[in-house]
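A short write-up of the structure that comes next.
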Amino acid sequence: MSQGQFLASFDIEDWFHNSNVQPSLPTTDWSRLEPRVERNTYELLDILADTGARSTFFVLGWVARRYPALVRRIIAGGHEVASHTDGHRLLYRLSPDDLTQDLARARDALEQVTGAPVRGIRAPCFSISDVVLRCLATAGYWYDSSLFPFRAHHRYGRIRGVADPDQAVLEIAPGLLELPMSRVRIGPVSVPWAGGAYFRLMPYEVFRWGVVRRLEARSWFMFYFHPWELDAEEIPPPGMPPLRKLRAYGQRSRMRRDLRRLLAEFGSARIDGALRARGYRPPGETGLPAAAPPLHLASTI
């Protein structure tokens, strides 16, 4: 794999799945809320096509059952489809049985549409834990991309014993690879930089500087984004607290332009292709091992 690879990944969910928005919604019945995920994702796909970028789409099973044509369009665009679980719940809060059922329901919905194995997963709000990882490994996933080592965010999960969470790929459990979200080292501090609101709330040139700095120091940059972040026409629910509103809606008006700039400059590859280029293979495939030699795990994140 060439040095300095940018991996743009997208979590495909509707606006009302946003954890900053949910507490202010007038109902918990999603069927009573205006759907916007199709129009926003189609716009995202157009941006990717215009820039020649390829990506991995972490799609909710809930979305796949309601919009199978959208998932087929993702595949037709040359992108990878992975799982974002089924119901967009925080995984570390689920019982093992509920977690197993959620994962199976999502995978079944996605594979019914794509006709291909779903090998990757990302937990909603990066809600990972040691228990969750063991469940993912048991379920036969090839990789997870849910580790975001940033203690100040109360929803992000944690796992024990990772000596260097800024590595591109970690063998986190037997047969399971972990692809952490990217941070940028500024002096003695590692600053979250992977995308989402971090991308929206920074001036473009500042965010670009961090991407370049990270790519100079490490072999790739893991970027994430949501289709609702392109939607400057979405109206926030009434009475939304100012900080949550900023995190959910801040600077959306420039995202169509800036995402296009980012992809045009840095390009993008699918996660599965980037892993294969490094010599990794999914469990059960012949050839090189599914995972790298075990890491020496020393300290907690």
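A short reminder: the numbers here are calculations on the coordinates, not readings from a lab. Keep in mind it's a predicted model, so treat the numbers as computed, not measured. Neighbour counts are summed over all protein chains in view; Cβ atoms, including those assigned to glycine, are modelled from backbone coordinates with ideal geometry.
Figure the gain on full extension for Ser19 and Asp164 (residue separation times 0.36 nm, minus the Cα-Cα span) and round it to one decimal in nm.
Using 0.36 nm per residue and subtracting the Cα-Cα distance, I get 49.4 nm.
Mean separation of Cα pairs under 8 Å and 6+ residues apart, divided by the residue count of the stretch 3-80: what relative contact order is that in percent?
With pairs under 8 Å counted, the relative contact order is 41 percent.
Quickly estimate the mean residue ellipticity at 222 nm for the chain, helices only: each DSSP H run with n ≥ 4 gives -39500 (n - 2.57), and the total goes over all residues, rounded to 500.
After summing the helix terms and dividing by the residues of the chain, the value is -10500 deg cm²/dmol.
Could you work out how far apart the two model spin labels at Arg260 and His154 are, taking each label as a point 7 Å from the Cα in the direction of the beta carbon, and quote it in nm?
3.9
By how many nm would the segment from Glu285 to Arg73 grow when fully extended, if each residue of separation counts as 0.36 nm and the alpha-carbon distance is taken off?
Values: separation 212, 0.36 × 212 = 76.32 nm, distance 2.70 nm.
Roughly 73.6 nm would be gained on extension.
Give the percent of DSSP beta bridges with both residues in the chain that are antiparallel, rounded to the nearest 5.
If I count the DSSP bridges inside the chain, around 25 percent turn out antiparallel.
Gaussian network model of the chain, Cα springs within a sub-10 Å range: biggest mean-square fluctuation belongs to which of Glu38, Glu233, Glu80?
Looking only at Glu38, Glu233, Glu80, the biggest GNM fluctuation is shown by Glu233.
Classify the stretch 25-118 from the C-alpha gyration tensor, please: rounded if a/c falls under 1.5, else prolate or oblate depending on whether a/b exceeds b/c. Don't skip to the end; give the middle numbers.
Details: a/c = 2.12, a/b = 1.37, b/c = 1.55.
The shape class here is oblate.
Below 8 Å, C-alpha to C-alpha, sequence gap of six or more: please give me the relative contact order for the chain in percent.
26
Rounded to the nearest angstrom and ordered from largest down, what semi-axes does the equivalent ellipsoid of the chain get from its C-alpha gyration tensor (root of 5λ)?
Each semi-axis is the square root of five times an eigenvalue, giving 26, 23, 20 Å.
Using a Gaussian network model of the chain whose springs link C-alpha atoms within less than 10 Å, name the residue from Pro283, Pro236, Pro188 with the highest mean-square fluctuation.
Result for the chain, Cα springs under 10 Å: Pro188 fluctuates most.
First measure r as the distance between the Cβ atoms of Trp30 and Asp50, then evaluate 1/(1 + (r/R0)^6) with R0 = 25 Å and state the FRET efficiency to the nearest 0.05.
On the way: r = 31 Å, r/R0 = 1.24.
After rounding to 0.05, the efficiency reads 0.20.
From Cα pairs below 8 angstrom and at least 6 apart in sequence, can you work out the relative contact order of the stretch 201-272, rounded to a whole percent?
33
Would you look at the GNM of the chain, springs on alpha carbons closer than 10 Å, and say which of Val131, Val71, Val169 moves the most?
Of Val131, Val71, Val169, the most mobile in the Gaussian network model is Val131.
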